[in-house]
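**Q** Before we start, here is the structure in question, set down as structure tokens.
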């Protein structure tokens, strides 16, 4: 599987994974296992497309300098091997901003680490 090119969007910088059939299959197995021991509310977010996040953002700014710096990264894709699965209990907390908006904070507690592949 490969990861990249880095993309800046309104929520931060991400690197999409491709091909991601193996990652999607792993996500589906984990979801099925969680649904067996918890109810469907144990997974509150779908998680979206497989990706790696380099950072998160919550405010407005000119993205041109960041986009230019990210474009200079070469090669823009890197091989990605997933050898461990970290199961996390993730929480999103809303914090009101002075302008009436909301700033989101993400934190988590580790639940388990599972080795993948053959020993």
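**Q** I'm told residue 48 meets every condition in (1) loosely packed, with under 11 Cβ neighbours inside 10 Å; (2) closer than 20 Å to residue 19 by Cα; (3) touching a residue at least 24 places away in the same chain (Cβ under 8 Å); (4) under 20 Å from the mean Cα position of the chain (by Cα) except one. Can you identify the failing condition by its number?
**A** Unmet for residue 48, out of (1) loosely packed, with under 11 Cβ neighbours inside 10 Å; (2) closer than 20 Å to residue 19 by Cα; (3) touching a residue at least 24 places away in the same chain (Cβ under 8 Å); (4) under 20 Å from the mean Cα position of the chain (by Cα): (3).
**Q** Something else: Of everything in the range 91-119, what is free of Cβ contacts under 8 Å to residues at least 24 places away in the same chain and either out of contact with any strand residue (DSSP E or B) (no Cβ under 9 Å at 6 or more places or on another chain) or part of a loop (DSSP other than H, G, I, E, B) (or both)? Give them in sequence order.
**A** 97, 98, 99, 100, 101, 118, 119
**Q** Now for a separate question. Between 34, 15, which is within 24 Å of residue 80 (Cα to Cα) and outside any loop (DSSP other than H, G, I, E, B)? Show your work before the answer.
**A** Numbers: 34 fails: within 24 Å of residue 80 (Cα to Cα).
Being within 24 Å of residue 80 (Cα to Cα) and outside any loop (DSSP other than H, G, I, E, B) holds for just one of 34, 15, which is 15.
**Q** Looking only at the range 42-72, filter to residues that are assigned to a loop (DSSP other than H, G, I, E, B) and in contact with a helix residue (DSSP H, G or I) (Cβ under 8 Å, 6 or more places away or on another chain); which one of those is modelled with the lowest pLDDT?
**A** Within the range 42-72, the first condition is being assigned to a loop (DSSP other than H, G, I, E, B), and the residues that meet it are 43-50, 57-63, 72.
Then keep just the ones that are in contact with a helix residue (DSSP H, G or I) (Cβ under 8 Å, 6 or more places away or on another chain); that gives 43, 47, 50.
On the way: 43: 74, 47: 69, 50: 85.
So, considering only residues that are assigned to a loop (DSSP other than H, G, I, E, B) and in contact with a helix residue (DSSP H, G or I) (Cβ under 8 Å, 6 or more places away or on another chain), the one modelled with the lowest pLDDT is 47.
**Q** Give me the residue from the range 73-90 that is without any contact (Cβ under 8 Å) to a residue 60 or more places away in the chain and part of a strand (DSSP E or B) and, out of that set, farthest from residue 59 (Cα to Cα). Give the steps one after another, and end with the answer.
**A** Kept after step one, since they are without any contact (Cβ under 8 Å) to a residue 60 or more places away in the chain, are these residues of the range 73-90: 74, 83-90.
Filter once more, so that each one left must be part of a strand (DSSP E or B): 84-90.
Working: 84: 33, 85: 31, 86: 29, 87: 29, 88: 26, 89: 25, 90: 22 Å.
This residue is 84.
**Q** Now, a different point. Of the numbered conditions (1) modelled with pLDDT under 90; (2) more than 28 Å from residue 2 (Cα to Cα), residue 89 fails exactly one; give the number of that condition.
**A** Answer for residue 89: the failing condition is (2).
**Q** Condition check: over 25 Å from residue 3 (Cβ atoms) and either free of Cβ contacts under 8 Å to residues at least 60 places away in the same chain or exposed (fewer than 12 other Cβ atoms within 10 Å of the Cβ) (or both). Does residue 37 satisfy that?
**A** yes
**Q** If you don't mind, there's one more thing I want to ask. Of the residues that make up the range 17-29, is at least one modelled with pLDDT of 90 or more, surrounded by 12 or more Cβ atoms within 10 Å (Cβ to Cβ) and touching a strand residue (DSSP E or B) at 6+ places or on another chain (Cβ under 8 Å)?
**A** Checking the range 17-29: at least one residue is modelled with pLDDT of 90 or more, surrounded by 12 or more Cβ atoms within 10 Å (Cβ to Cβ) and touching a strand residue (DSSP E or B) at 6+ places or on another chain (Cβ under 8 Å).
The values are calculated or read from the model by the stated rules, or taken from the named source; none is laboratory data. If you're wondering where the values come from, they're calculated on a predicted model, not measured in any experiment. Neighbour counts run over all protein chains shown; Cβ positions are idealised from the backbone, glycine included.
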